[in-house]
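The values are calculated or read from the model by the stated rules, or taken from the named source; none is laboratory data. Given the structure is predicted, the values throughout are model-derived calculations rather than measurements. No Cβ is skipped: glycine too gets one built from the backbone with ideal geometry, and neighbour counts run over all protein chains shown. Ligands, DNA and RNA are excluded from the accessible area calculation, which covers all protein heavy atoms including side chains. Shrake-Rupley method; radii C 1.70, N 1.55, O 1.52, S 1.80 Å.
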Amino acid sequence: SQTIHQWPATLVQPVGSPLSLECTVEGTSNPNLYWYRQAAGRGLQLLFYSVGIGQISSEVPQNLSASRPQDRQFILSSKKLLLSDSGFYLCAGGGEPQETQYFGPGTRLLVL
Amino acid sequence: KQEVTQIPAALSVPEGENLVLNCSFTDSAIYNLQWFRQDPGKGLTSLLLIQSSQREQTSGRLNASLDKSSGRSTLYIAASQPGDSATYLCADNTDKLIFGTGTRLQVFP
């Protein structure tokens, strides 16, 4: 099975600062990769997904962007953080659609 | 657009009870249905994946069923234990995961 690594585990950033969250995948090649956000008391929202290097699809308009510079690396970024970007960010990976997806441990982001 | 709903939102039960968690979805053209567990402040752990050709899956004390015609899936937990306390999420896994809002379960000794 796959292992999804995410870091950092917790991040506190001031409003207007940049952001870079990294996710790497172990145990598979050419995975589909996903970034989700879970706001306090709310469900999981899909932000971005990628089916290959350089291929990014955005699900919702927002202040964030994603990149996939390598097959097993997925990065979530922002140039200027907003208070509303606070939340729990989860990276997930899987094979073909409809197969099991595996989740990383998450990054808790607090924007002050 | 698929919408996934989970009832109840929260559940507190004594140890040893058998539980049923419900998941309903509006679009019956679902391919797979997946159940996850999330411990506080942690990522998601996949519990069971029910493929469209299956009606149920079992893993230990967990049994999940899928009825596409009625737009429902249930997760049955037998002989609940305090270690089962967590939030349980179901998701339509047809193309991209579409999650319900979860059921927060607390099992007390």
Item checked: Local electrostatic count at B:F108 - Lys and Arg +1, Asp and Glu -1, tallied over other residues with Cβ under 12 Å -> -3
Checklist line | Sequence-distant residues sharing a close amide H with B:D27 (under 5 Å, placed H) | finding: B:E3
Note to self: What's the magnitude of the charge dipole for chain B around its Cα centre, counting Lys and Arg as +1 and Asp and Glu as -1 at the beta-carbon? Answer in Debye, nearest 20.
What the structure shows: 120 debye
Next item on the list: Would you mind telling me the share, in percent, of accessible area of the protein assembly as shown contributed by carbon and sulfur at probe 1.4 angstrom?
Entry: 50 percent
Next item on the list: Rank A:S17, A:P69, B:V107 by how far each Cα sits towards the positive end of the charge dipole of the protein assembly as shown (+1 on Lys, Arg Cβ; -1 on Asp, Glu Cβ) and give me just the farthest.
Entry: A:S17
Next item on the list: Quote to one decimal, in nm, the extra length available between A:S29 and A:V15 on full extension: 0.36 nm per residue of separation minus the C-alpha distance between them.
Entry: 1.4 nm
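Size of the dipole of the protein assembly as shown about the Cα centre, Lys and Arg at +1 and Asp and Glu at -1 on the beta carbon, nothing else charged, in debye to 20?
With Lys and Arg at +1 and Asp and Glu at -1, about 440 debye.
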Checklist line | Within-15-Å neighbourhood charge of B:A79 [Cβ basis; K, R +1; D, E -1] | finding: -2
Item checked: Table column - 3J(HN,Hα) (Hz), the stretch A:71-76, Karplus curve with 6.51, -1.76, 1.60, x for Gly and Pro -> 4, 10, 10, 9, 10, 10
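Could you pull out the trypsin sites (Lys or Arg not before Pro) across the stretch B:1-45 that fall in loop regions by DSSP (anything but H, G, I, E, B) with no more than 13 other Cβ atoms inside 10 Å?
B:K1
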Item checked: 10 Å Cβ neighbours from other chains, averaged over peptide A:42-52 -> 3
Next item on the list: For chain B, calculate the relative contact order in percent as a whole number, restricting contacts to Cα pairs under 8 Å that are 6 or more residues apart.
Entry: 38 percent
Next item on the list: Could you tell me the distance between the Cα centroids of the stretch A:20-50 and the stretch B:35-107, to the nearest Å?
Entry: 19 Å
Note to self: In whole Hz and in residue order, list the ³J(HN,Hα) couplings for the stretch B:42-57 that follow from phi through the Karplus curve 6.51 cos²θ - 1.76 cosθ + 1.60, θ = phi - 60°; x for Gly and Pro.
What the structure shows: 10, x, 9, 10, 6, 9, 8, 10, 9, 7, 4, 7, 9, 10, 7, 9
Next item on the list: Under 18 Å Cα to Cα from B:K96, which aspartates and glutamates show up? Leave out anything in the same chain fewer than 8 places away.
Entry: A:E59, A:E96, A:E99, B:E3, B:D27
Item checked: For A:L82, distant residues with modelled amide H under 5 Å away -> A:G16
Item checked: Shape of chain A, Cα gyration tensor, a/c cut at 1.5 -> prolate
Margin query: Give me the net charge for the shell around B:Q2: Cβ to Cβ below 12 angstrom, other residues only, Lys and Arg +1, Asp and Glu -1.
Written below: -2
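Inside 10 Å of the C-beta atoms of B:36-46, what's the mean count of C-beta atoms belonging to other chains? Display every interim value, and only then the final one.
On the way: counts 4, 0, 6, 0, 0, 6, 6, 14, 11, 2, 7.
Mean shielding by partner chains, rounded to a whole number: 5.
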Check: Taking the Cα centre of chain A as the origin, how large is its charge dipole in debye, to the nearest 20, when only Lys and Arg (+1) and Asp and Glu (-1) carry charge on their Cβ atoms?
Finding: 380 debye
Check: Can you pull the Kirkwood radius for chain B, inverse mean 1/r over Cα pairs, to one decimal in Å?
Finding: 13.8 Å
Check: List the trypsin sites (Lys or Arg not before Pro) in the stretch A:76-112 that DSSP assigns to loop (not H, G, I, E or B) and whose Cβ has at most 16 other Cβ atoms within 10 Å. Which are they?
Finding: A:K79, A:K80
Checklist line | 3J(HN,Hα) from dihedral phi, the stretch A:42-49, Karplus parametrisation 6.51/-1.76/1.60, rounded to Hz, x for glycine, proline | finding: 10, x, 7, 10, 6, 9, 9, 9
